[in-house]
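A quick write-up on the structure given underneath.
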Amino acid sequence: MEINQTIGSTHQIELLLKQFSNSKTPHAQIFTGNDGCAALALAFYYIQLMLCENIKDGKACNNCIPCNQLKSFNYPDLHFTFPFSSTKTTPQECSEFRPVFVQELKKSLYLTHTRWVDSLNSGNKKLTIPVNESNAIIHSLSLTRHSEKPRFVFLWQPEKLNTNAANKLLKLIEEPSDNTYFILVSHSLKNVLETIQSRCTLFKVPDNSKDEIKAFLQVNTKLTVKETSNIIQQSKNIGEAYDLIDRDPISEENDKNIVLWLRLLFKKDLIGLVKWSEETAKQSRESISHQLETIMQVFNKTLSINTQTKTSSTYASIIELDFERFSPLINPLKLPQIHSNLEKANQHILRNANPKITLLNLSLILSKHIGKA
Ligand SMILES: [Zn+2]
């Protein structure tokens, strides 16, 4: 999905554009609204508007270099900070969790706190932003920038900054270096330290209307009319609706295609894999990319089963698959390689590589890494 998946936020986008035309871009801004509202999506779109080289009729082009870098969350001068479960035995900086965060953002910019907790497999542990992350921000801003373009610190949930972490950032937020912007997204403004709030401009984002949620569901899911109306009744914004539909809304056909692929990979059925790659390559790039991302979740889930991690999953199973039988066939040590190959293939697909060749290549590599040797 594009970054400007901000259905129903036209009015907010107009307000943001006004800031630009008045050259009143604040150096620190808090986008605030309920968990699951368009705040995160709008904050991203705001960055895109600041970077896009061909804004037309108030819209980012989605095509220029910075737009493409943002779409793949690879803009080099963008530091991500978000809460995570910090213990003495786990890493203490966001960079360690960045791949999971980006994976979630790619699925939806309506990421909710619940969904984030779930994707971290952190059980009931409290998520925070510890002081080490503030040091990481300070370090990141001390490095030479990659271009003359603006540099950003994107901080999701400043309410989770512990006091030391917040205090360390005060001076930077008050007087960031030239062309550097702090973009904060809060879902609980009352819990953001006053000292942080007072240094930022506020941008309030309302929940979505029922019509907006409906429009989003109609475009992005294949739910029946009854299912759609059930979800609309239960949700006050798109993020909540998105969580209620259980998971990424890919079609049943895609699920079946993924299961078929896994079976062929396990059997190391080369003829089957060639045919599968040919057939799958006929789908849209977005649909293929979606399936590759789902496969990544499948592998993550096998890891949590392999390592007996208890997850607080609020979602049903990712796809119809017998995970108990499937998991022992994956060697956890191979997961980093599997991930990096999937990630690479996904990027190739999104960058106009030949899908048939990319998928076949990937299948051949993966069949070596999974199943019996
Ligand atoms: Zn652009």
If you check every pair at least six apart or on different chains, which have Cβ atoms under 9 Å apart with a residue in the range 49-60 that is over 16 Å from PRO150 (Cα atoms) and assigned by TED's automatic domain parsing to the domain that holds LYS18 first and a residue that is more than 9 Å from the ligand (Cβ to nearest atom) and open to solvent by 100 Å² or more (accessible area, probe 1.4 Å) second? GLY58/GLU14
Being more than 16 Å from the ligand (Cβ to nearest atom), of a type in the set (S, T, N, Q) and assigned by TED's automatic domain parsing to the domain that holds ARG199 narrows GLN103, GLN69 down to just GLN103
Would you check if TYR75 is within 28 Å of PRO176 (Cα to Cα), within 16 Å of the ligand (Cβ to nearest atom), assigned to a loop (DSSP other than H, G, I, E, B) and under 20 Å from the mean Cα position of the chain (by Cα)? yes
Of the conditions (1) touching a helix residue (DSSP H, G or I) at 6+ places or on another chain (Cβ under 9 Å); (2) modelled with pLDDT under 90; (3) among the hydrophobic types (A, V, I, L, M, F, W, C), VAL117 fails just one. Which one is it? (1)
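Has the range 332-339 got any residue that is open to solvent by less than 30 Å² (accessible area, probe 1.4 Å) and either more than 27 Å from ILE271 (Cα to Cα) or at pLDDT 70 or above (or both)? Let's see the steps before the verdict.
First, the residues of the range 332-339 that are open to solvent by less than 30 Å² (accessible area, probe 1.4 Å): 335, 338.
Now drop any that are not either more than 27 Å from ILE271 (Cα to Cα) or at pLDDT 70 or above (or both), which leaves 335, 338.
Among the residues of the range 332-339, at least one is open to solvent by less than 30 Å² (accessible area, probe 1.4 Å) and either more than 27 Å from ILE271 (Cα to Cα) or at pLDDT 70 or above (or both), which makes the answer yes.
Name the residues in the range 58-71 that are modelled with pLDDT of 90 or more and on the phi > 0 side of the Ramachandran plot, would you? Talk me through it step by step, then tell me what you get.
So the first thing to find is which residues in the range 58-71 are modelled with pLDDT of 90 or more, and the list is 61-71.
Once the filter is applied, which keeps residues that are modelled with pLDDT of 90 or more and on the phi > 0 side of the Ramachandran plot, the range 58-71 yields only ASN62.
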Step by step: first the residues of the range 193-220, then only those that are within 23 Å of the chain's Cα centre (by Cα) and of a type in the set (A, V, I, L, M), then the one that is surrounded by the most Cβ atoms within 10 Å (Cβ to Cβ). Which residue is that? ILE213
Examine the range 17-30 for a residue that is within 22 Å of PHE216 (Cβ to Cβ), crowded, with 22+ Cβ neighbours inside 10 Å and either modelled with pLDDT under 90 or in the same structural domain as SER147 (by TED's automatic domain parsing) (or both), and state whether such a residue exists. no
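A quick yes/no check of all residues on (1) touching a residue at least 60 places away in the same chain (Cβ under 8 Å); (2) on the phi < 0 side of the Ramachandran plot; (3) surrounded by 15 or more Cβ atoms within 10 Å (Cβ to Cβ):
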site	(1), (2), (3)
LEU40	yes, yes, yes
PHE73	no, no, yes
SER85	no, yes, yes
GLN103	yes, yes, yes
Take ILE137 and decide whether it is more than 19 Å from THR201 (Cα to Cα) and either touching a Gly at 6+ places or on another chain (Cβ under 9 Å) or buried (at least 18 other Cβ atoms within 10 Å of the Cβ) (or both). yes
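Please find, among THR163, THR112, the residue that is within 30 Å of TYR242 (Cα to Cα) and not acidic (Asp, Glu).
Details: THR163 fails: within 30 Å of TYR242 (Cα to Cα).
Among THR163, THR112, only THR112 is within 30 Å of TYR242 (Cα to Cα) and not acidic (Asp, Glu).
If we keep just the residues of the range 42-59 that are open to solvent by less than 10 Å² (accessible area, probe 1.4 Å) and over 18 Å from the mean Cα position of the chain (by Cα), which is nearest to the ligand (Cβ to nearest atom)? Talk me through it step by step, then tell me what you get.
So in the range 42-59, the residues open to solvent by less than 10 Å² (accessible area, probe 1.4 Å) come out as 42-49, 51.
Checking the rest, the ones that are also over 18 Å from the mean Cα position of the chain (by Cα) come to 49, 51.
Working: LEU49: 9, LEU51: 7 Å.
Selected residue: LEU51.
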Given the conditions (1) within 20 Å of the chain's Cα centre (by Cα); (2) within 22 Å of VAL298 (Cα to Cα), every one holds for LEU264 apart from (1)
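The values are calculated or read from the model by the stated rules, or taken from the named source; none is laboratory data. Everything quoted here is computed from the prediction, not taken from an experiment. Cβ: placed from backbone, ideal geometry, glycine included. Neighbour counts: every protein chain shown. Ligands, DNA and RNA are stripped out before the accessible areas are found, and what is left, the full protein with its side chains, is counted by its heavy atoms. Shrake-Rupley method; radii C 1.70, N 1.55, O 1.52, S 1.80 Å.
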